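> Starting off with a structure, shown below.
What follows is calculated from the coordinates using simple rules that are stated; it is not laboratory data. Computed from a predicted structure; not experimentally measured. Using ideal geometry, Cβ is built from the backbone for each residue, glycine included, and neighbour counts are taken over all protein chains shown.
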C-alpha cells in the first residue's frame, strides 16, 4: 500500500479524470451530491465558497496496493481502508469521494477531498508526505498488507545508465552497512564492490557536511541515492552497528556470575540515545562500563582520524588537479 498526494485548483478536471474511466466505481463518499462529474464538481465548489481565499482547494490521493492483496480487497474493505487513511491523516469533517479503478494489476483507488472543510477552515497539508508514509505503514501492519520489495529487487539491466548506477550504489551501501562498524570498514567494503565515497566539507574546514558516492565515473550525493544515505544518517547507522557489536562482545566475554538471570522482560533495557538500540539481557558491572567507555573513546578517535585522512586526501587531490590544469569540479 502506497499513497501519492497531489493538490490542485480544478475539481472539474480531477473528478472527470477519476470517474470517467470505463471501470471507475464510487465506493464511498461524504457530503457530495453524487451525479455527473460536473454535478459533483459543482457540489465541491459550493463548499469552497466558505473560504474563497484557498488557492488550491482540491485534495487528490491515489492509494495503490500490491497484486498479492487483490483477493482480500473487496469494495467494502478498500473503502474502509480509504476512510481510515483519511482519519489518520487528519482529513476529516469535509467532503470526499473514493473511486475505485480496476484497469491495472495493482488494485487502487482515488480519493478526491475538499481542503475547505464543513466549517470553512483549511485542512492543513503540513508534513503531509511524512504523515502519508507513517499512516500507510500503520495500515499495512494493522491489516497485514503486502510490503513493496523495494529497491533491492529492481531489475537494473532495464534501466538507463545513470539510474542503473544509482541502484548498484544503493545495493552496495546496503550490503556494506550490514557488517561495517566504522567509516574505514565501510569505505573498504564499498571499494571491493567498485564504489568510492567522498566527504563534502564546510568551507576550508574539516567539518563534514555531506557525502558523495562514485561508480563508473558517475557521482551522486548520498541523499540522491536514498534519503537514509545522508552523512548524518549513515554516521548514526555505523554508530548503531558499533554499539550493537560492542554489546554482543561484552555479553559473550562477561563472566557468568556477573550476568543477570531475571525474566526476559526485566532484562530488556531500552537505550534512547543515538541509534535507539536495545541492550542485551546483561546488567553492566563497573568493569563492563569502563570497557565500554574506553571502546567509545577509541571509536571517536578513529572516526576523527578517518575524517582528517579523507580531508587531507581531498585537499591533496584538489591541489594536484590545480597544478596539472586538469581540475574538475564535481557536479
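> What is the spin-label model distance, in nm, from residue 7 to residue 184 if the labels are put 7 Å beyond Cα along the C-beta direction?
5.0 nm
> Could you work out the Rg to Rh ratio of region 64-196, with Rh taken as the Kirkwood radius (inverse of the mean 1/r over all Cα pairs)? Could the numbers behind the result be given before it?
Numbers: Rg = 20.4 Å, Rh = 18.3 Å.
Ratio of gyration radius to Kirkwood radius for region 64-196: 1.11.
> Also, I was wondering about something else. Compute the length gained on full extension between residue 118 and residue 21: take 0.36 nm times their separation in residues and subtract their Cα-Cα distance, giving the result in nm to one decimal. Don't skip to the answer; put the middle values down first.
Details: separation 97, 0.36 × 97 = 34.92 nm, distance 2.90 nm.
Once the chain is fully extended between residue 118 and residue 21, it gains 32.0 nm.
> Using Cα pairs under 8 angstrom and six or more residues apart, how large is the relative contact order of region 13-172, in percent?
Numbers: 207 pairs, mean separation 42.7, N = 160.
Reported as a whole number, the value is 27 percent.
> So if each residue of separation counts as 0.36 nm, and I subtract the Cα-Cα distance between residue 137 and residue 70, what length gain in nm does that give? Intermediate values should be presented prior to the final figure.
Working: separation 67, 0.36 × 67 = 24.12 nm, distance 1.79 nm.
The span from residue 137 to residue 70 would gain 22.3 nm if fully extended.
> Now for a separate question. Taking all pairs of distinct Cα atoms, average 1/r, flip it, and tell me the Kirkwood hydrodynamic radius of region 13-68 in Å to one decimal place.
Details: mean 1/r = 0.0766 Å⁻¹.
One over the average 1/r among Cα pairs gives 13.1 Å for region 13-68.
> Now for a different question. Between residue 221 and residue 51, how high is the FRET efficiency from 1/(1 + (r/R0)^6) when r is the Cβ-Cβ distance and R₀ = 56 Å? Nearest 0.05. Show your work: numbers first, answer last.
Numbers: r = 40 Å, r/R0 = 0.72.
Taking R0 as 56 Å, the efficiency between residue 221 and residue 51 is 0.90.
> Please compute the volume of the convex hull spanned by the alpha-carbon atoms of region 28-117 and report it per residue in Å³. Numbers along the way, then the final one.
Numbers: hull volume 9.2 nm³, N = 90.
Given the Cα convex hull of region 28-117, per-residue volume reads 103 Å³.
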